[in-house]
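Enquirer: Quick one: structure below, then a few questions.
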Amino acid sequence: MNIENEKRTILLIDGYHLLHKGFYGSLKRKTLAVNRDGIQINAIYTFIAKINNFIEMDIYHTIIVTFDVGHGCWRRVLYPEYKAKRKDTPEELIPQMQIIREFLTASRIPWYEKEQYEGDDVMGTIANISSKLGYNVHILSNDKDTFQLVSDNTKVITRTSKKEKPEFIEIRDVVEKMGCEPTQVPDLKSLMGDSSDNIKGVKCLHYNIAVSLLKQYGTIENIYENIDQIPPNIQQKLVENKEQIMLNKRIATIQRNLNLGRIDLRPLRVNWYGYLSFLKKQKMWAFTGNALKKIEDNKKEIKEPKKFKNADAVWLKQSQNKTTNN
């Protein structure tokens, strides 16, 4: 397969997912990294290591990170119990959330957030814009809510560690894992609820029944338009819980049309000087050698039109290699 000069792919990263994964994944180490101010930076180390891996793959037109703002959310305005059972963010992680923004800014890696909205809404908007402009999109996230963003040119990456076979979520995978099309994920969630987000589903409504209703009618709205055709025992549950079901769907639906200003979709050109300066400020010596090498390589680089690889094909090849090695 010729993987050169294929359709360009944009990588969208769920910033808080990557930070949380790095934070908890490194807690078992005997010594946790701290910066010059004594602030713990274990999550930042993992975050930067992962960003480096993606840059080294050299398959993405650009890499964009999205964040939750952290205070206030339109979903909680509608439903105060939204995510009420989740643990508070560890105190040691809170300052790292700001420091990682400083890293991205210094390195000239685009990142976006919006007051009152979650990172998924920002991600959904950028994915929508990118897709309309003709890009392929890869989303790095372990949140199944992002499955609703999957389309012919948008995929979700849920595993990327060196020890695991990469897992891509495509349309067929959403159907297999959830029993519905990507666009129906909010509809299914509105009926079944979601304990991780503290969203209440319809009591005693079996998963198979919910899937069957969506296969027949497509959406929650269409189910209610044809409510008289539904068996009486199921119909009663739907009628009694209509208000909660419709609210659930609003909460479960990722926004795709936020006003984020102009999105930077230019080819990624990391500011390695800014990157290096950040590392020195934070006493992160492990990555300085790589930054210095990049600076020297860029001095020697002959400016030629960049050849873009097919990101899907590269990931597939890596997956096949890991399967063979295992």
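Enquirer: For the range 231-254, which positions are more than 15 Å from Leu78 (Cα to Cα) and either of a type outside the set (A, V, I, L, M) or open to solvent by 100 Å² or more (accessible area, probe 1.4 Å) (or both)?
Expert: We begin by selecting, within the range 231-254, every residue more than 15 Å from Leu78 (Cα to Cα); these are 231-242.
Scanning the range 231-254 gives Pro231, Pro232, Asn233, Gln235, Gln236, Lys237, Glu240, Asn241, Lys242.
Enquirer: Still on this model: Are there any strands (runs of 3 or more DSSP E) wholly within the range 95-210 with 1 or more residues that are surrounded by 15 or more Cβ atoms within 10 Å (Cβ to Cβ) and among the polar types (S, T, N, Q), and if so which?
Expert: On the way: elements: 136-140, 154-159, 167-169.
Where strands (runs of 3 or more DSSP E) fall fully within the range 95-210 and carry at least 1 residues being surrounded by 15 or more Cβ atoms within 10 Å (Cβ to Cβ) and among the polar types (S, T, N, Q), they are 136-140, 154-159.
Enquirer: Considering the range 67-84 alone, what residues qualify as being in a loop (DSSP other than H, G, I, E, B) and in contact (Cβ under 8 Å) with a residue 40 or more places away in the chain? Can you show your working first?
Expert: As a first pass, look at the range 67-84 and keep what is in a loop (DSSP other than H, G, I, E, B): 67-73, 79-84.
If the condition is that a residue be in a loop (DSSP other than H, G, I, E, B) and in contact (Cβ under 8 Å) with a residue 40 or more places away in the chain, then Phe67, Asp68, Val69, Gly72, Cys73, Tyr79, Glu81, Tyr82, Lys83, Ala84 are the ones that fit.
Enquirer: For the range 18-47: of the residues being touching a strand residue (DSSP E or B) at 6+ places or on another chain (Cβ under 9 Å) and at pLDDT below 90, which is most open to solvent (accessible area, probe 1.4 Å)?
Expert: Filtering the range 18-47 for residues that are touching a strand residue (DSSP E or B) at 6+ places or on another chain (Cβ under 9 Å) and at pLDDT below 90, the one most open to solvent (accessible area, probe 1.4 Å) comes out as Leu32.
Enquirer: Also: Find all pairs meeting these conditions: Cβ atoms under 6 angstrom apart; at least six residues apart or on different chains; first residue within the range 282-294 and surrounded by fewer than 17 Cβ atoms within 10 Å (Cβ to Cβ); second residue outside any helix (DSSP H, G or I) and basic (Lys, Arg).
Expert: Note: pairs meeting the criteria are Lys283/Arg36.
The values are calculated or read from the model by the stated rules, or taken from the named source; none is laboratory data. Note that this is a predicted model, so its numbers are computed, not measured. Please note: Cβ atoms are built from the backbone with ideal geometry, for glycine as well, and neighbour counts cover all protein chains shown. Calculation scope for accessible area: heavy atoms of the full protein, side chains included, ligands and nucleic acids excluded. Shrake-Rupley method; radii C 1.70, N 1.55, O 1.52, S 1.80 Å.
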